[in-house]
1. Mind checking the per residue accessible area of the chain for me, 1.4 Å probe, whole number of Å²?
2. Using the alpha carbon gyration tensor of region 38-83, what are the three equivalent-ellipsoid semi-axes (square root of 5 times each eigenvalue), largest first, in whole Å?
3. How big is the charge dipole of the chain about its Cα centre, in debye rounded to the nearest 20, if each Lys and Arg gets +1 on its Cβ and each Asp and Glu gets -1 on its Cβ?
4. Just report the Cα centroid separation between region 23-47 and region 63-83, whole Å.
5. Placing +1 on the Cβ of each Lys and Arg and -1 on the Cβ of each Asp and Glu in the chain, which of Ser66, Asn38, Tyr9 has its Cα farthest towards the positive end of the resulting dipole?
6. If ligands, DNA and RNA are left out, what is the accessible area of Leu16 with a 1.4 Å probe, given in Å² to the nearest 10?
7. Note down the nm distance, to one decimal, between modelled labels 7 Å out along Cα→Cβ at Phe55 and at Val14.
8. Based on DSSP H runs of at least 4 residues, each adding -39500 (n - 2.57), what is the mean residue ellipticity at 222 nm of the chain after dividing by all its residues, to the nearest 500 deg cm²/dmol?
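The values are calculated or read from the model by the stated rules, or taken from the named source; none is laboratory data. This is a predicted model, so every value here is computed, not measured. For neighbour counting, all protein chains shown are included, and Cβ atoms are generated from backbone atoms with ideal geometry for every residue, glycine included. These area figures cover heavy atoms from the full protein model, side chains too; ligands, DNA and RNA do not enter into them. Shrake-Rupley method; radii C 1.70, N 1.55, O 1.52, S 1.80 Å.
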Amino acid sequence: MFSPSYYYYTKFGVELTGLDLDEPYNWCAAGVSHILANETYLGNTVNLKYTTISFKNKKKIERPESEQLRFENTHEALIDNGT
């Protein structure tokens, strides 16, 4: 699978910072780490993760984990949990 920056380049023709056209499959470690840490790829759904102060202020505020709703195995997992 192409890296996100190479995919963006092929779709829109815009070169992003750090794009290496000779290695289109070279993913950065931070991108892979972000995917592995995301619960959605484990088959879980997390709701009410962010809120705002008011409907006028669009700045997101992360809610504490005790207020978030987690639903496990809502869809097929794309990566293995490893346990």
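1. For the chain, the solvent-accessible area averages 85 Å² per residue.
2. Semi-axis lengths for region 38-83 are 27, 10, 9 Å.
3. Charge dipole of the chain: 680 debye, to the nearest 20.
4. 13 Å
5. Ser66
6. The value for Leu16 is about 70 Å².
7. In this crude label model, Phe55 to Val14 measures out at 3.2 nm.
8. Rounded to the nearest 500, the figure is -6000 deg cm²/dmol.
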